[in-house]
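Student: Can you keep this structure in mind? I'll have questions shortly.
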Amino acid sequence: MAPNSTLPELATEFPGMIRVYKDGTVERLRDTDFAPPSAAGGVSSKDVVFLPELNLSARLYLPSISGHRKLPLLLYFHGGGFCIASPFCGKYHRYVSRLAAEAQAVVVSFDYRKAPEHPIPAAYEDSWAGLHWAASHRAGNGPEPWLNDHADFNRVFLAGESAGGNIVHNLAMAAGNPDFGLQMSLLGVALVHPYFWGSTPIGSEPIYPQPDAKAATERLWPFICPSSPDNDDPRVNPMTPDGPSLVGLGCKRVLVYVAEKDLLKDRGWLYYEAVGRSGWMGVVEIGETEGEGHGFHLYDLESENAEALIKRLAAFFNREMPSLPW
């Protein structure tokens with residue numbers, strides 16, 4: 001049988017994730033569902049537009065509280081390789097709702113434009129706009145009542161998984177630059193299984209047992225950032241010698257979380273070590289989950305390891321800042 005000539009020709013594919021055809025058609029293969037906002041598990045949620053000119057929305061989460069008690073404010077950024085997923089798909093909605101309940105925090109889960117239609121730096125620009133939108137509530141007179149009434153702007157955190165962890169790092173670097181004018185202080189950032197990479201293999205990467213996953217990771221940054229396709233671009237490799245010093249991180253504490261079977265594990269450890277020796281005047285810590293792979297907690301929130309991760313994050317968002325010796 002002759003091939004169907006009406007089908008577009010494939011240009012590139014990341015199996016199980018995304019296909020791009022030569023006619024420009026983009027087919028996303030997962031995380032395309034929409035879970036509506038809800039009131040369940042002691043947490044209410046709703047959607048708001050935070051960047052009207054691009055019609056970008058965020059999902060807000062508010063735990064059940066009495067009165068007008070102020071809660072930590074968590075600004076969250078989802079993963080998906082910068083090219084799939086959203087705050088509104090089921091796995092992220094369920095996870096962030098659970099995190100809001102455990103941490104007793106007001107959470108804003110931001111959407112951002114995706115590659116390849118909107119390559120890097122679009123995701124960073126949109127996420128930075130989200131931070132400014134959140135900061136507009138710091139005096140209690142912003143557009144969103146949940147933030148005006150319940151968010152404690154002395155306890156602002158950023159968190160994200162995978163690509164979201166990468167975004168968090170880059171936002172923290174921008175927040176530490178006074179020229180960027182963020183009118184809000186960040187107490188801490190949490191990077192879970194962060195997407196960092198580099199042109200030179202490190203640690204166990206050369207013997208990683210899934211060569212297809214490694215090959216896909218090698219191709220990802222050039223795919224999402226064709227204007228600067230080098231895997232040593234400091235936005236994807238913060239440890240590159242040519243990148244800005246990590247001493248510029250604009251927060252007081254950093255938590256990195258890695259998973260034993262994740263290809264990206266060694267990059268997370270290297271980031272932790274680099275932050276620690278950079279001269280940055282804060283507290284950095286790391287945790288590793290044994291026997292698990294990349295993003296495991298998003299798929300089984302009831303597992304013992306997922307519960308342990310969520311509790312560790314919640315404790316990080318609620319811990320008093322220790323006194324520093326300097």
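Student: Being within 18 Å of the chain's Cα centre (by Cα), without any contact (Cβ under 8 Å) to a residue 12 or more places away in the chain and open to solvent by 30 Å² or more (accessible area, probe 1.4 Å) is the requirement here; does P234 meet it?
Tutor: When the stated conditions are applied, P234 passes them.
Student: One residue is enough: does segment 186-206 have a residue meeting the conditions out of contact with any helix residue (DSSP H, G or I) (no Cβ under 8 Å at 6 or more places or on another chain), modelled with pLDDT of 95 or more and within 30 Å of H137 (Cβ to Cβ)?
Tutor: yes
Matching residues to (1) buried (at least 24 other Cβ atoms within 10 Å of the Cβ); (2) assigned to a loop (DSSP other than H, G, I, E, B); (3) of a type in the set (D, E, K, R):
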| position | (1), (2), (3) |
| --- | --- |
| H118 | no, yes, no |
| A129 | no, no, no |
| H137 | no, yes, no |
| N154 | no, no, no |
| G165 | yes, no, no |
| M173 | no, no, no |
| Q183 | no, yes, no |
| L186 | no, yes, no |
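Student: Another question, if that's okay. I'm told D300 meets every condition in (1) under 26 Å from L186 (Cβ atoms); (2) of a type outside the set (S, T, N, Q); (3) more than 18 Å from the chain's Cα centre (by Cα) except one. Can you identify the failing condition by its number?
Tutor: (1)
Student: Output the number of residues of segment 31-88 satisfying the condition of being hydroxyl-bearing (S, T, Y) and within 21 Å of the chain's Cα centre (by Cα).
Tutor: Within segment 31-88, residues that are hydroxyl-bearing (S, T, Y) and within 21 Å of the chain's Cα centre (by Cα) number 6.
Student: Quick one: in segment 291-313, which of the residues that are farther than 14 Å from E102 by Cα and part of a loop (DSSP other than H, G, I, E, B) is most open to solvent (accessible area, probe 1.4 Å)?
Tutor: Taking the candidates together, the pick is Y299.
Student: Something else: Answer yes if at least one residue in segment 106-128 is under 15 Å from the mean Cα position of the chain (by Cα), acidic (D, E) and under 30 Å from E307 (Cβ atoms), and no otherwise.
Tutor: Yes, some residue in segment 106-128 is under 15 Å from the mean Cα position of the chain (by Cα), acidic (D, E) and under 30 Å from E307 (Cβ atoms).
Student: Pairs needed: first member in segment 143-157, farther than 12 Å from P72 by Cα; second member anywhere, open to solvent by less than 20 Å² (accessible area, probe 1.4 Å) and not aliphatic (A, V, I, L, M); C-beta distance under 6 Å; at least 6 residues apart or different chains.
Tutor: Sorted first by the residue in segment 143-157, then by its partner, the pairs are N148/H137; N148/G142.
Student: Also, I was wondering about something else. Could you please tell me which pairs satisfy a Cβ distance under 6 Å, a separation of 6+ or placement on different chains, a first residue in segment 72-95 that is free of Cβ contacts under 8 Å to residues at least 60 places away in the same chain, and a second residue that is of a type in the set (K, R)?
Tutor: P87/R59
Student: Just checking, does segment 258-265 include any residue being outside any helix (DSSP H, G or I) and open to solvent by less than 10 Å² (accessible area, probe 1.4 Å)?
Tutor: So far as segment 258-265 goes, yes, one or more of its residues are outside any helix (DSSP H, G or I) and open to solvent by less than 10 Å² (accessible area, probe 1.4 Å).
Student: Do we have any residue at all in segment 275-284 that's crowded, with 20+ Cβ neighbours inside 10 Å and touching a residue at least 40 places away in the same chain (Cβ under 8 Å)?
Tutor: The answer is no, given that none of the residues of segment 275-284 is crowded, with 20+ Cβ neighbours inside 10 Å and touching a residue at least 40 places away in the same chain (Cβ under 8 Å).
Student: Among the residues of segment 68-96, which ones are in a loop (DSSP other than H, G, I, E, B) and within 20 Å of M17 (Cβ to Cβ)?
Tutor: Result: H78, G79, G80, G81, F82, C83, I84, A85, S86, P87, F88, C89.
The values are calculated or read from the model by the stated rules, or taken from the named source; none is laboratory data. Since the structure is predicted, the reported quantities are computational estimates derived from the model, not experimental observations. In this analysis, Cβ positions are derived from the backbone assuming ideal geometry, glycine residues included, and neighbour counts consider all displayed protein chains. The accessibility values were calculated without ligands, DNA or RNA, using every heavy atom of the protein model including side chains. Shrake-Rupley method; radii C 1.70, N 1.55, O 1.52, S 1.80 Å.
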